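A.B. asks: Handing you a structure now.
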Amino acid sequence: MSLLFLPEELVAEVLSYLPAKSLTQLRCVSKSWNTLISDPQFIKLHLQRSKKNRNLTQILCMSLGSYILPFPLNTLLNNPSIINSTKDYFPYNPKYRYIFVGSCNGLFCFVLTLYKITYPENTWFQLWNPATNTLSKIYTMPNFDYFRFSGFSFGYDNSADTYKFVYFRPNKLEIFSFGSNVWKIIQLPHTVPLNHLNRVPYKRKFLSEAMYLNDTIYLLAREIAKQIVIISLKLGNDTYSKLLPPQDFVEVSLHLPTIHVMEESLYFSHHTQEIDFIIWKMTEFGTEKCWIQFLKISYEDLNIHPEYKNSLSPWCLYGSDFDIHMKYKYFLAPLCLYESGIILVQAANGHGLQVIVYNWIENRIEKTRMDSSVLWMVNQNYVESLVPTS
């Protein structure tokens, strides 16, 4: 019986539809398959197929056991205990404190710092591919400022076919290109990152100051005149522009606004003066009317009851006049859209992190089985890929 040999093009076509984790195992079949699956063109083809076939929202979680891994949304809602039972998770090094930056094309980016030492020379960043379970080398952060005055982001420059790490510090953006390992500095006069550090109960990391969408990084910032703006950084040519928030937005003491990406669109969320929580959707960049009100939820519907307490603000930036605050009992941020509603993450003093589903058709809140064993979670539109970390 003669053996049937398939053309390499046909083999690549068939293999490109398989999950990334399966392909990492198939590399061991033969030298030719290992060469094919490791080829940059095949990796791009597989990534394109994976993006088209993606139909599940992925949520990145970190639990009390230091497990970090993306999970399908439905799995988390129906069986949240899977977070602490999985054996396939980020290789967490206990000597570091990890700050999640963002994900793109199956790669996750983290900032690392030593737990007991916070000097600039002890701060780094690193990439991880969950599908192949590979880590990049650790890159050093130059001239690092204190976290309170820092912002970070991560994205893909399609024109140069490279990934970029963005370090946002007062008055400048520092952009690192992976591969060439080159830093580029862009001046941002009189502008500082809008940082939520220490503004969230228990420091749970689910708020967003930076988002990546369509070759562009969006960063929340505050100008010296106290105006909140969104910096739009084009990764193709490393140029930026400024976008104003919705015209009806008025900053509320203690509750900073957040930005999020849901279903390939940018959203801006904020609180009103102890009455409503509002989410806006960006429809077109560069115009004054680029924002449309997407959702408005009353505190009463969310069962939120603020408590007040006079206190001096430890978070003043550039002369900010936040000097009387509400003793917050909650903090709220959108996680993702879900069926006929939206999933919200609520951090509440004394109750830990809660995940709720707001049904906007029936104006009804549903509690989920997610509990305080989850330290933080973010919606990252994750897709499995073979993209290398180096």
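The values are calculated or read from the model by the stated rules, or taken from the named source; none is laboratory data. What you see is a predicted model, and the numbers here were worked out from it, not measured in a lab. So basically every Cβ, Gly included, is an ideal-geometry build from the backbone, and we count neighbours across all protein chains shown. These accessible areas exclude ligands, DNA and RNA; they are computed on the full protein's heavy atoms, side chains included. Shrake-Rupley method; radii C 1.70, N 1.55, O 1.52, S 1.80 Å.
A.B. asks: What residue, among those in the range 155-177 that are at pLDDT below 95 and among the aromatic types (Phe, Trp, Tyr), is farthest from residue 126 (Cα to Cα)?
C.D. replies: 168
A.B. asks: Among (1) under 26 Å from the mean Cα position of the chain (by Cα); (2) at pLDDT below 90, there is one condition residue 20 misses while meeting the rest; what is its number?
C.D. replies: Status for residue 20: all satisfied but (2).
A.B. asks: Collect the residues in the range 224-236 that are surrounded by fewer than 17 Cβ atoms within 10 Å (Cβ to Cβ) and in contact (Cβ under 8 Å) with a residue 40 or more places away in the chain, keeping them in residue-number order.
C.D. replies: 224, 226, 236
A.B. asks: I've got another one for you. Among the residues of the range 151-160, is any open to solvent by 20 Å² or more (accessible area, probe 1.4 Å), farther than 23 Å from residue 97 by Cα, under 15 Å from the mean Cα position of the chain (by Cα) and touching a residue at least 60 places away in the same chain (Cβ under 8 Å)?
C.D. replies: Within the range 151-160 (the criterion being open to solvent by 20 Å² or more (accessible area, probe 1.4 Å), farther than 23 Å from residue 97 by Cα, under 15 Å from the mean Cα position of the chain (by Cα) and touching a residue at least 60 places away in the same chain (Cβ under 8 Å)), the answer is yes, since at least one residue qualifies.
A.B. asks: Got a sec? Which of 188, 127 is surrounded by 22 or more Cβ atoms within 10 Å (Cβ to Cβ) and modelled with pLDDT of 85 or more?
C.D. replies: The match here is 127.
A.B. asks: Check off (1) farther than 28 Å from residue 346 by Cβ; (2) open to solvent by less than 10 Å² (accessible area, probe 1.4 Å); (3) part of a loop (DSSP other than H, G, I, E, B); (4) not small (Gly, Ala, Ser) for residue 246 and give me the number that stays unchecked.
C.D. replies: Of everything listed in (1) farther than 28 Å from residue 346 by Cβ; (2) open to solvent by less than 10 Å² (accessible area, probe 1.4 Å); (3) part of a loop (DSSP other than H, G, I, E, B); (4) not small (Gly, Ala, Ser), residue 246 misses just condition (1).
A.B. asks: Any residue at all in the range 283-298 that's open to solvent by 20 Å² or more (accessible area, probe 1.4 Å), at pLDDT 85 or above and among the small types (Gly, Ala, Ser)?
C.D. replies: Yes, the conditions are met somewhere in the range 283-298.
A.B. asks: Now a separate question. Report yes if residue 113 is at pLDDT 85 or above and either closer than 30 Å to residue 22 by Cβ or part of a strand (DSSP E or B) (or both), otherwise no.
C.D. replies: So residue 113 does not fit the description; no.
A.B. asks: Out of everything in the range 60-91 that is open to solvent by 50 Å² or more (accessible area, probe 1.4 Å) and modelled with pLDDT of 70 or more, what residue ends up being farthest from residue 335 (Cα to Cα)?
C.D. replies: That would be 91.
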